[in-house]
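Values in this text are rule-based calculations from the coordinates and carry no lab data. Computed from a predicted structure; not experimentally measured. With ideal geometry, Cβ positions are generated from the backbone for all residues, glycine too; neighbour counts draw on all protein chains shown.
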Amino acid sequence: MSETLTGTAPGTPSGRTRPGPDSEILLDVQSLSVDYGSDYGPLPAVSDVSFTLRRGEILGIAGESGSGKTTLINALLRLLRPPATVRSGSAVLHPSGGEPVDLLSVGQKRLRELRWEHSAVVFQSAMNALNPVLRLEKQFADALRAHRKISKAEARERSARMLELVGIPAGRLADYPHELSGGMRQRATIALALVCEPDLLVMDEPTTAVDVVMQRQILRQLIRLQRTLGFSVVFITHDLSLLLETADRIAVMYGGRIVESGPAGALYREPRHPYTRGLRDSFPPLQGPLRKLTGIPGTPPDLRRLPPGCPFEPRCAHAVAACAQAVPALEADGDRLVACVRTGELTAGAAAPDETPAPNNGEPDEAS
Ligand SMILES: Nc1ncnc2c1ncn2[C@@H]1O[C@H](COP(=O)(O)OP(=O)(O)OP(=O)(O)O)[C@@H](O)[C@H]1O
């Protein structure tokens, strides 16, 4: 199902103008499924995922470890390696000034042109993404001059501007990565990804390796950069609270599927899928009063033995017989899309959890 959310508020907590439903679409992902080949047969790591990303929009994708987030973005970036196979789907990028292109099937030559110029990525291990034996200036210039016909002086000037945009003095271009502090290296990595001013920035847990204070600084910086340069972001994390202040919309993944998506603030404050609620209550909020952290009982699903119905059913305190029978469709529910047969009842507060939830192992599990 295509995600066409309406009713998003015009502003965000950060003061950015949130792209509305009429904003131009940058990326249109439809029915994407990815399997890993194994001795047990194909393991469905991503199943029937659809979403759209608008120009200037920040989309957060949240879910526990193993929910399929990295596989999803690796498919979009064409970084999947065997035994992974894209089983079906399309991911059409509308690059500025160019023809729409399906990232899943485009030829290698065009793909190389699109990288850096139209899409860039910051990985989990952002700290190690810089080449330790090259000064920053050389790394920035190499990226720029591979894609733009510009002089050395122009490349230096652009690199300096980009570094300054992330709060690093231009003079540090002469430094080697080890001469920067951890937070600076992280920000330099983001600046490098953005040096060719791409339309799309994909970030896979970019703040995992830094402390909470640094996390917030980097996220604020990201929002400032987004406001200045106007790119779109797909931001992946296991911590829903990180997305509250950063993302315009959030999609929550479980067992390879999107189980809920909607405007970030509303989804965080009033989650409709029981898994979204469990994920939210697994991490302390970045701001506001502390909540009791409850975690989610049980463990994420084993892809070799997915239940026939809702993948979350074995861990869900609200599960009823119908939940075990068929995978619920992702359906519109006001400002959201939710894949839960009980969404109406749960939203109205009519349903109490069953007396005895049936988690896999009965132990609270850290959602990470
Ligand atoms: N090379 C592989 N071969 C087989 N299965 C894999 C492979 N890589 C990932 N998987 C499985 O695919 C599923 C999705 O993994 P993926 O890394 O995409 O999830 P994730 O949500 O990004 O988790 P994390 O936050 O830990 O990276 C998991 O069950 C994982 O075990």
- Pulled fully out, how much extra length does the chain show between His147 and Arg81, if you take 0.36 nm times their separation in residues and subtract their Cα-Cα distance? 21.2 nm
- Given the rule -39500 (n - 2.57) for each run of at least 4 DSSP H residues, summed and divided by the residues of the chain, what is its mean residue ellipticity at 222 nm, to the nearest 500 deg cm²/dmol? -7500 deg cm²/dmol
- Message: Test of understanding: what is the full-extension gain from Arg161 to Arg227, defined as 0.36 nm times their sequence separation minus their Cα-Cα distance?
- Response: 22.2 nm
- Item | Stokes-Einstein D in µm²/s, Kirkwood radius over Cα pairs - segment 128-197 at 20 °C with 1.002 mPa s viscosity | 183 µm²/s
- Query: So how much slack lies between Asp22 and Ala329, counting 0.36 nm per residue of separation and subtracting their Cα-Cα distance, in nm?
  - Reply: 108.0 nm
- Message: Tell me whether segment 104-163 comes out rounded, prolate or oblate; compute the Cα gyration tensor, take square roots of the eigenvalues as a ≥ b ≥ c, and use a/c under 1.5 as the rounded threshold.
- Response: oblate
- Anchor Lys138: lysines whose Cα lies under 17 Å away (excluding residues fewer than 8 positions away in-chain): Lys149, Lys152
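With a Förster radius of 22 Å, plug the Cβ-Cβ distance of Glu179 and Asp211 into 1/(1 + (r/R0)^6) and report the FRET value to the nearest 0.05.
With R0 = 22 Å, the Cβ-Cβ based efficiency is 0.60.
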- Sort the following peptides by mean Cβ neighbour count (other Cβ atoms within 10 Å, averaged over residues), highest first: 141-151, 252-262, 200-210. 252-262, 200-210, 141-151
- Message: With 10 angstrom as the radius, rank Lys138, Lys69 by how many other C-beta atoms surround their C-beta, starting from the fewest.
- Response: Lys138, Lys69
- Query: Cross-link partners among aspartates and glutamates for Lys292, C-alpha distance below 12 Å, same-chain residues fewer than 8 apart left out?
  - Reply: Asp281
- Just how large is the dipole of segment 128-197 about the Cα centre, in debye to the nearest 20, putting +1 at every Lys and Arg Cβ and -1 at every Asp and Glu Cβ? 160 debye
- Query: Using the per-residue mean of other Cβ atoms lying within 10 Å as a proxy for protection, in what order, highest first, do the peptides 267-277, 25-35 fall?
  - Reply: 267-277, 25-35
- Sorted from fewest to most neighbouring beta carbons within 10 Å, what does the list Met214, Met162 look like? Met214, Met162
- Item | Amide H contacts under 5 Å for Ser47, placed H, 5+ residues apart | Val34, Arg257
- Query: Just from the alpha-carbon atoms, what are the Rg and Dmax of the chain in angstroms?
  - Reply: 20.9, 70
- What nm value, rounded to one decimal, do you get for the distance between Lys109 and Ser38 when each label is placed 7 Å out toward the C-beta? 4.0 nm
